[in-house]
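Working notes, structure below.
The values are calculated or read from the model by the stated rules, or taken from the named source; none is laboratory data. Computed from a predicted model, the values in this text were never measured in an experiment. No Cβ is skipped: glycine too gets one built from the backbone with ideal geometry, and neighbour counts run over all protein chains shown. For the accessible areas, the whole protein counts, side chains as well, though only heavy atoms, and no ligand, DNA or RNA atoms are used. Shrake-Rupley method; radii C 1.70, N 1.55, O 1.52, S 1.80 Å.
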Amino acid sequence: MHLRTRASALLALIATAALFTVPSRARAQDTTSKRGVRIGLSYALGARPGVYIAPVNGVTGDSIRAILQRDLDYGDRVTLIGIDSAGIALAPLLGNGRPNYDVFTRLGAAALVVPTVSPAGVRITLHDVGARKVAETRDFPLTGSSSSRAWRASLHAVSDAVEEWITGTRGIASTRVAFVRGGRIAIIDSDGAVESVASQISPVLSPSWSPDGARIVYSELGDAGSRIGVIDLATGSARTLVSRGGLNITPAFSPDGGTIVFASGEDEGTDLYAIAASGGSVRRVTVGRGTDNVSPSFSPDGRRIAFTSGRSGHPEVYIMDADGTGAELLTPFSFGDQYYRSNPDWSPDGRNVAFQSQIAGQFQIMTISLRDRSVKQHTSESTNEDPSWAPDGRHVVFTSSRTGVKQLWILDTESGRVRQLTRNGGARLAAWSPRLGAR
């Protein structure tokens, strides 16, 4: 089979398949139970604490408040309280620097966030409404000019810190998603803003982030096959890591960033191989005996790898030790599936593997628990494929055709809420970054 034809066939395995108005919620999919958290703020276990974000004075005040609101809303761990639209004046509630906690209690607020523009950036004061006291005050720098990517990134980091103060879990606002649009790697902030092209190299497939968020590894297609390359995001420069003959596809970094595992093969079958991220000799990991073994994804501790294999006669998800031993089937057949499960991604908390499964002729997003092997279906509308976990182990970005054109969507696997991430042109093969802070 010609290599380009074979590349197209393997794509079936790889990727076929505000002022205080809270952003509208898209129609939810299947719901799951919510996990409760308890820290300093007082609220019922399993509930999403009510949070009010006060208006912010200054030229950038409205932008600061809107971004903080949207970030906390997209985190799906709090409920924003919009009292402004009810005509309640804020000044009497705050008084002379001290909120009227009784009013906020009646409004259902567990936390009151008061941002203030400071010379260096923004000061955040968090009030614990139940305890009737200030729980935290901190100054955060905002870098770059207002509304620039650097400025927005530093403000996203503020949102993540505030979410951690309130819920005990750091947010994911200061993350980005890499994906393929028009054959090139693009990057977009996790709130859907500030899209940019990471590299002009084309056509490429399967971008994947390094653990420090500084590099992206990818597969570049060519007439004679494909090769594995790495982009340094700080400089925009790219280098070829693997250029051996045939197909070289679906690369992934190990959790320590020292190794890249990828699929490689020629006319008959593909296997997984490993190479040091700095380059060097290639080591074979799987022995597929003519079958296709692709799409590796490391467990958080780096000891195991989930991957797609056709060794059973059709694509399924397997897990094995990182050295290639101890392979076992992870996705056994269940009623309604059509013997096609692929493109796994191991969650950052190590609890689940997300994958795509063909049901009634269309791919849908699924997760399987590593504890009891229970499977959950998260989508059912149109074709949904190529899941990638956020650093919180709760949200997943995926490709969907539900609008008629393939775009990226984000799923909260606990509540079932979905929101659209990209809107311009076609987008696919998403990879969620690690937490980037104020990069």
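For the reader, a short list of remarks on this structure follows.
- Qualifying residue in segment 330-338 (condition: out of contact with any Cys (no Cβ under 7 Å at 6 or more places or on another chain) and at pLDDT 95 or above): yes
- The listed residue being at pLDDT 95 or above and not hydroxyl-bearing (Ser, Thr, Tyr), out of Asp223, Asp267, Asp232: Asp232
- Of residues in segment 281-290 being open to solvent by 40 Å² or more (accessible area, probe 1.4 Å) and not basic (Lys, Arg), the one farthest from Asn352 (Cα to Cα): Ser281
- Inside segment 106-157, residues that are small (Gly, Ala, Ser) and crowded, with 17+ Cβ neighbours inside 10 Å make up a count of 9.
- The set of residues in segment 118-152 that are over 23 Å from Leu436 (Cα atoms) and among the aliphatic types (A, V, I, L, M) comprises Leu126, Val129, Ala131, Val134, Ala135.
- For segment 192-279, the strands (runs of 3 or more DSSP E) that sit wholly inside it and include 2 or more residues that are touching a strand residue (DSSP E or B) at 6+ places or on another chain (Cβ under 7 Å) and over 23 Å from Arg304 (Cβ atoms) are 204-209, 215-222, 225-232, 238-242.
- Some residue of segment 291-305 being farther than 18 Å from Asp345 by Cα, of a type outside the set (A, V, I, L, M) and either under 27 Å from the mean Cα position of the chain (by Cα) or open to solvent by 10 Å² or more (accessible area, probe 1.4 Å) (or both): yes
- Within segment 306-329, the set of residues being part of a loop (DSSP other than H, G, I, E, B) and buried (at least 21 other Cβ atoms within 10 Å of the Cβ) comprises just one member, Pro315.
- Taken over segment 204-215, the criterion of being open to solvent by less than 50 Å² (accessible area, probe 1.4 Å) and not aromatic (Phe, Trp, Tyr) is satisfied by Val204, Leu205, Ser206, Pro207, Ser208, Ser210, Gly213, Ala214.
- For segment 122-147, a residue qualifies if it is in a loop (DSSP other than H, G, I, E, B) and under 29 Å from Pro348 (Cβ atoms), and the qualifying residues are Leu142, Thr143, Gly144.
- Scan of segment 187-203 for residues that are in contact with a Leu (Cβ under 6 Å, 6 or more places away or on another chain) and either open to solvent by less than 40 Å² (accessible area, probe 1.4 Å) or aliphatic (A, V, I, L, M) (or both), ordered by number: Gly192
- Condition met for Val180 (open to solvent by less than 10 Å² (accessible area, probe 1.4 Å) and within 17 Å of Ala431 (Cβ to Cβ)): yes
- Taking the numbered list (1) closer than 24 Å to Gly393 by Cα; (2) at pLDDT 95 or above in turn, Gly168 passes all entries but (2).
- Entirely in segment 338-439, the strands (runs of 3 or more DSSP E) that have 2 or more residues that are closer than 30 Å to Ala157 by Cα and open to solvent by less than 40 Å² (accessible area, probe 1.4 Å): 352-359, 362-369, 384-389, 395-400, 407-412, 418-420, 428-432
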